[in-house]
Structure formats: C-alpha cells, structure tokens
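Participant: Structure incoming, see below.
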Amino acid sequence: MDASLHRLLVDALGEETVLDRGSVLAPSSPDGVAAALRIAQERRLRLRLTSGPAEGADPLRDGALLSMCRLSAVQVVASNGVVRAEAGVTIRALAAALAEAGMAVAGLSADPGSDHVGALIARGGVPRRSLTGIEAALPGGDLVQLGGAVLKDVVGYDIASVLLGSRGRLAAIVAVH
C-alpha cells in the first residue's frame, strides 16, 4: 500500500483502525466501515471482508482485509422480542445476551466457519423470516437500513433477502435485527 493511501485511511478511520501497515482495516462503527468502502472504491483498493478477527487471516497481495471484529454491540429488547446484533458479535455472545434477557433460542449455534453474526448472515445461515432488518454499507460508502425492529409484511423489493447469503459481494452487512 502506498504512503498516500495509507495516510488517507488513517485520516478517515483513525490510527487504531488501520493495522499492519494498512493491510488490515478494523473500524469500530458502521460509519467507519462505510468510509473504508468509499475510499476503497475511490482508490480501487481491493477488499476482502471478514466478520472475525484479522489475526491469522491470509494477507491480500494488492488490497486489504476489512474486519468487522470491532462491531460487537448487542442490544436486546425483550419486551418486543427483538435483538440488534452487529456483524462482529460471536454466536456465543449473542446466545448469552438472549439467555440473560430470558429469550434463549433453541438451536442457536454457529455453522462451521460462521462463528460470528456477520458470517452467519453472509453465508445465508438463517431463514429470511428470522430477520426483521439488515444494516449494510454499500460499496460506494452509503449506509442503508432495510427493514427494522419489527416484522411487517409489505409490498416491495425484499433487499434483505438479496443480501442474505451474498457473502459480502453486494454490501458489507454491519448489523441485523
């Protein structure tokens, strides 16, 4: 990575986000993910997405790894029966948060290789009816929220279904409801 691109990433994302001389980006917010995607598109930087930690990941020869590992917030609203989990949340942490709120879900376990919420969604590891919404960052850096905290049957395109199982090729999923 050249020095000007590295400086641009550090200025936009912060020193603590740009790791390993710019080969790993680990934003701590959806806005940071969006900024990384915008810069990558503008500068034609190839990105590989992961919801897990960047340690031990194969380096990208002419690009960077965009890790969602620092997106780890879980918010449970037991009275409404909904949860919002960011992409870097482990399935174990999600199950623990649900159990603490009295909302334990039978059979909630990670698929092999999908031990984070982001990977589970990217691989299509949950039924569409299990999701009420998806928050994602588009390749150009725009943040979108599809659906919300309640399930409604409405007419229109079901973009959440398109993103479910897309493996990060269409957008970077930052959170699900």
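The values are calculated or read from the model by the stated rules, or taken from the named source; none is laboratory data. Fair warning: this is a prediction, and the values are worked out from it, not measured in the lab. As a convention, Cβ positions derive from the backbone with ideal geometry for all residues, glycine included, and neighbour counts pool all protein chains shown.
Participant: Regarding Ala73, is this residue crowded, with 19+ Cβ neighbours inside 10 Å and among the aliphatic types (A, V, I, L, M)?
Facilitator: no
Participant: Filter the stretch 1-17 for residues that are within 17 Å of Gly88 (Cα to Cα) and not in a loop (DSSP other than H, G, I, E, B) and give the result.
Facilitator: Those that are within 17 Å of Gly88 (Cα to Cα) and not in a loop (DSSP other than H, G, I, E, B): none in the stretch 1-17.
Participant: While we're looking at this one, here's another question. For the stretch 44-64, state whether one or more residues are over 17 Å from Arg167 (Cα atoms), surrounded by fewer than 18 Cβ atoms within 10 Å (Cβ to Cβ), modelled with pLDDT of 90 or more and not acidic (Asp, Glu).
Facilitator: Yes - at least one qualifying residue is present in the stretch 44-64.
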